[in-house]
1. Checking the conditions here, which among VAL127, VAL140 is surrounded by 13 or more Cβ atoms within 10 Å (Cβ to Cβ) and either in contact with a Phe, Trp or Tyr (Cβ under 9 Å, 6 or more places away or on another chain) or free of Cβ contacts under 8 Å to residues at least 12 places away in the same chain (or both)?
2. Which pairs have Cβ atoms under 7 Å, sit 6 or more apart or on different chains, and link a residue in the range 170-189 that is loosely packed, with under 12 Cβ neighbours inside 10 Å to one that is of a type in the set (A, V, I, L, M, F, W, C) and part of a helix (DSSP H, G or I)?
3. Does ILE212 meet the test of being surrounded by 15 or more Cβ atoms within 10 Å (Cβ to Cβ), under 26 Å from ASP93 (Cβ atoms) and out of contact with any His (no Cβ under 9 Å at 6 or more places or on another chain)?
4. Looking only at the range 34-56, which residues are touching a residue at least 24 places away in the same chain (Cβ under 8 Å) and touching a strand residue (DSSP E or B) at 6+ places or on another chain (Cβ under 9 Å)?
5. Would you check which residues across the range 87-101 are in contact (Cβ under 8 Å) with a residue 60 or more places away in the chain and either surrounded by fewer than 19 Cβ atoms within 10 Å (Cβ to Cβ) or touching a Ser or Thr at 6+ places or on another chain (Cβ under 8 Å) (or both) and list them?
6. Kindly indicate whether any position in the range 77-92 is among the aliphatic types (A, V, I, L, M), closer than 28 Å to PHE136 by Cβ and touching a Lys or Arg at 6+ places or on another chain (Cβ under 6 Å).
7. Filtering the range 190-209 down to residues that are touching a Cys at 6+ places or on another chain (Cβ under 9 Å) and either of a type in the set (D, E, K, R) or modelled with pLDDT under 95 (or both), which residue is surrounded by the fewest Cβ atoms within 10 Å (Cβ to Cβ)?
Amino acid sequence: MTLSISQPAFDELLGEMTAIAPTKHPDLQDNQDQIYQYSPTLGKGKRRTIRLRDGLELTLGNLHLNDRILTTSPERISEGIEYHLHLSGEHQDNRGLISSGEYGLYGEGLALNTTFDCSSREPLLGVDVWMDAALFRSFVGDADRQLPTALQPLIRPVEQVQYARMGKATPQMQTVARQILQCPYQGIAKRMYLEGKALELISMMVAEEIEIAEH
């Protein structure tokens with residue numbers, strides 16, 4: 001069976017998460033660490049969001065869908081850079097297919113209207129790192145915060161279609177993703193650990209982008 005819903009309806013279902021089970025803070029020392037229960041209409045699972053600092057966020061997802069889901073999303077402005085890695089599960093849109101052990105890299109710019117096709121064959125387990133464009137420039141830009149040529153496609157004007165690339169996650173990427181999901185710390189130690197791991201994933205992505213541009 002396939003459930004076809006619009007993006008607003010899908011967002012409404014996500015909004016039900018708080019109504020069904022109030023937002024929880026898995027780390028009582030960190031009110032920027034929140035966990036949500038997915039609506040049973042979608043399936044069984046949780047989503048955890050951790051704001052590590054201004055411009056850097058982690059989202060950890062673990063959802064077993066009841067059925068295949070098709071959602072339509074309108075054209076919109078996509079801000080920042082998103083690195084989305086699947087340890088299991090599969091979804092596809094007009095930008096490409098991401099299966100277990102693969103990732104999607106999405107830049108800042110115009111995201112075209114599309115249909116997301118999420119498979120229910122296996123649980124969706126993944127790690128998503130989002131970084132604001134200004135923070136990205138502060139890490140990889142020169143003294144004037146200009147990006148190297150290989151990384152310039154990642155930040156485009158809002159009237160240009162965003163950069164998107166799918167790739168096979170290396171064993172090192174998958175290891176770091178699992179370390180994020182299995183973080184043993186709480187409080188300040190947790191935030192330092194997770195920020196380091198998030199930046200490690202971004203650094204591996206940057207290295208791949210530069211290598212691809214040079215060959």
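1. Among VAL127, VAL140, only VAL127 is surrounded by 13 or more Cβ atoms within 10 Å (Cβ to Cβ) and either in contact with a Phe, Trp or Tyr (Cβ under 9 Å, 6 or more places away or on another chain) or free of Cβ contacts under 8 Å to residues at least 12 places away in the same chain (or both).
2. That search, which allows pairs on different chains as well, returns GLN172/MET204.
3. No.
4. Selection gives TYR38, THR41, LEU42, GLY43, GLY45, ARG47, ILE50, LEU52, GLY55, LEU56.
5. Looking only at the range 87-101, we keep the residues that are in contact (Cβ under 8 Å) with a residue 60 or more places away in the chain, and these are 87, 95-98, 101.
Scanning the range 87-101 gives LEU87, ARG95, GLY96, LEU97, GLY101.
6. Filtering the range 77-92 for residues among the aliphatic types (A, V, I, L, M) gives 77, 81, 85, 87.
Narrowing further to those that are closer than 28 Å to PHE136 by Cβ: 77, 81, 85, 87.
Pick out the ones that are also touching a Lys or Arg at 6+ places or on another chain (Cβ under 6 Å) and you get none.
No, the range 77-92 has no match at all.
7. Filtering the range 190-209 down to residues touching a Cys at 6+ places or on another chain (Cβ under 9 Å) leaves 190, 193-194, 197.
From the residues that got through so far, the ones that are either of a type in the set (D, E, K, R) or modelled with pLDDT under 95 (or both) too are 190, 197.
Numbers: LYS190: 19, LYS197: 22.
Top of the filtered list is LYS190.
Okay, residues lined up against (1) over 20 Å from ASP117 (Cβ atoms); (2) of a type in the set (Phe, Trp, Tyr); (3) modelled with pLDDT of 90 or more; (4) in contact with a Leu (Cβ under 9 Å, 6 or more places away or on another chain):
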residue	(1), (2), (3), (4)
THR49	yes, no, yes, yes
ASP54	yes, no, yes, yes
ASN66	no, no, yes, yes
THR72	no, no, no, no
GLU75	no, no, yes, yes
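The values are calculated or read from the model by the stated rules, or taken from the named source; none is laboratory data. Being a predicted model, the structure only gives us computed values, none of them experimental. We place every Cβ from the backbone using ideal geometry, glycine too, and count neighbours over all the protein chains shown.
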